[in-house]
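Working notes, beginning with the structure itself.
We did not get these values from a lab; they are worked out from the coordinates using the rules stated. From a predicted model like this one, the values you see are computed outputs, not experimental measurements. Backbone-built Cβ (ideal geometry, glycine too); neighbour counts: all protein chains shown.
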Amino acid sequence: MITFNHLCGVILLYKARGITRGKASGPLLNSPAPISFLSGVNPDTGVIVEKGHPLQGTCIAGTVLAFPYGKGSTVGSYILYALSRNGHAPAAIINTEAEPIIATGAIIGNIPMVDRPGIPLDGLKNGVMVTVDGDRGEIEIGAA
């Protein structure tokens, strides 16, 4: 971790493994549970619809979506692509450990993605501004 002051604020910079190229920022939306995009997220609205999921009813559009890993069918990759095409995708994704379904969806949906963050995801607060840089494999917390 690297800490530095930026415009009278503190930015925390963590190394991660870059999965999908690109850089994007947004408010953090942190899920303690895995996410299934097939039938778990509405591709037309970006709302998590999976019954009993901790984020049920929450819109993921424009967020930096952090969750442990994906689950479910390989069609979930296409749902991530559809979310991107419909303008309801997360701005970026952080996983504890990437797996092929989410990585493929992020690639075809052009969503910056990293995994193996240098900080436990459960320590991150929802709403804080985060920037994910998939090219450099970095996560900036407190970045605008």
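Any idea what the dipole of the chain comes to, in debye rounded to 20, about its Cα centre with Lys/Arg Cβ at +1 and Asp/Glu Cβ at -1? Mind dumping the intermediate values first?
On the way: 10 positive and 10 negative charges, 13 e Å.
With only Lys, Arg, Asp and Glu charged at Cβ, the dipole is about 60 debye.
Quick one: order Ile101, Ile93 by neighbouring beta-carbon count within 10 Å, fewest to most.
Ile101, Ile93
Treating cross-link reach as a plain straight distance, find the aspartates and glutamates whose alpha-carbon is under 17 Å from the alpha-carbon of Lys23, omitting any fewer than eight places away in the same chain.
Asp115, Asp133, Asp135, Glu138, Glu140
Report the Cα-based extents of the chain along its three principal axes, largest first, to the nearest Å.
42, 26, 24
Counting Lys and Arg as +1 and Asp and Glu as -1, what is the net charge of the other residues whose Cβ lies under 13 Å from the Cβ of Ala16?
-1
Arg85 to Lys15: extension gain in nm, 0.36 nm per residue of separation minus the Cα-Cα distance? Walk me through the numbers before you get to the answer.
Working: separation 70, 0.36 × 70 = 25.20 nm, distance 2.91 nm.
Once the chain is fully extended between Arg85 and Lys15, it gains 22.3 nm.
What's the local net charge at Tyr78, with K and R +1, D and E -1, over the other residues with C-beta under 15 Å away? Don't skip to the end; give the middle numbers.
Numbers: positive: Arg85; negative: Asp44.
Residues close to Tyr78 contribute a combined charge of 0.
Suppose a student asked you for the relative contact order of the chain, using Cα pairs under 8 Å spaced at least 6 residues apart; what percent would you report?
35
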